[in-house]
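Chemist: Have a look at this one.
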Amino acid sequence: MKKVTGIGGIFFKCDDPKKMTDWYAQNLGLPVSEYGVMFQWRDAEDTSKEGTTVWSPFKNDTKYFEPSKKDFMINYRVENIEALVQQLKADGVTVLDEIAVYDYGKFVHILDPEGNSIELWEDAG
């Protein structure tokens with residue numbers, strides 16, 4: 001079973017997300033929006049498939065990364081999230097929540113052995 005297919009996003013905590021996105025836009029030319037940046041790309045194996053990788057700052061007091069105490073969280077793109085979650089549970093991996101379904105994809109959060117929160121995402125496309 002194919003598991004991770006790529007990086008879906010990089011999320012990090014900072015004091016002032018607006019100031020941070022403005023700095024990255026001005027100094028590094030990132031095309032920012034209120035949610036950060038969505039880097040668009042095409043799949044190397046099937047160039048008809050488009051994808052995105054998100055870069056997004058969060059306020060320092062966000063609860064979104066919990067229970068991890070780290071200042072970052074990585075989102076991995078996956079295939080067949082339901083089967084993957086079943087396998088992860090069978091392997092004793094801590095699954096933090098149920099699979100959430102949105103019009104843009106399915107999400108679930110797990111913990112690695114050091115307590116880092118990891119977001120898994122299956123694109124709706």
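The values are calculated or read from the model by the stated rules, or taken from the named source; none is laboratory data. What you see is a predicted model, and the numbers here were worked out from it, not measured in a lab. So basically every Cβ, Gly included, is an ideal-geometry build from the backbone, and we count neighbours across all protein chains shown. Only protein heavy atoms, including side chains, enter the accessible area calculation; ligands, DNA and RNA are left aside. Shrake-Rupley method; radii C 1.70, N 1.55, O 1.52, S 1.80 Å.
Chemist: What are the ³J(HN,Hα) couplings of region 116-122, residue after residue, when phi is run through the Karplus curve with 6.51, -1.76, 1.60 and θ = phi - 60°? Round to Hz, x for glycine and proline.
Modeler: With the stated coefficients, region 116-122 comes to 7, 6, 10, 9, 9, 9, 10 Hz.
Chemist: Compute the accessible area per residue over region 9-125, keeping the other protein chains in place, probe 1.4 Å, unit Å².
Modeler: Value returned for region 9-125: 65 Å² of accessible area per residue.
Chemist: Right, here's the next one. Per 0.36 nm of contour for each residue apart, how much would the distance between residue 27 and residue 74 grow if the chain were fully extended, relative to their Cα-Cα spacing?
Modeler: Working it through step by step, the gained length comes to 14.6 nm.
Chemist: Continuing with the same structure: For the pairs 49/69; 3/49; 49/106; 19/69; 18/69; 18/49, flag any whose C-alpha to C-alpha distance is greater than 28 Å.
Modeler: 49/69; 18/49
Chemist: Straight-line reach from residue 70: which lysines fall under 18 Å, measuring Cα to Cα and dropping same-chain residues less than 8 apart?
Modeler: Output for residue 70: 13, 59.
Chemist: Keeping every protein chain in place, order 45, 50 by accessible area at 1.4 Å, biggest value first, i.e. largest first.
Modeler: Sorted by accessible area, descending: 45, 50.
Chemist: Right, here's the next one. Roughly how large, in nm² to one decimal, is the mean projection of the convex hull of the alpha-carbon atoms in region 65-125?
Modeler: Mean shadow area of the hull around the Cα atoms is 4.1 nm².
Chemist: Please list, short to long, the whole-number percent of alpha-carbon pairs of the chain in consecutive 10 angstrom bins beginning at zero.
Modeler: Per 10 Å bin, starting at 0, the Cα pair percentages come out as 12, 40, 34, 13, 1.
Chemist: Give me the distance between the Cα centres of region 18-39 and region 76-123, rounded to whole Å.
Modeler: Cα centroid to Cα centroid, the span is 28 Å.
Chemist: About the Cα centre of the chain, what is the dipole size in debye to 20, counting +1 per Lys and Arg Cβ and -1 per Asp and Glu Cβ, all else neutral?
Modeler: 220
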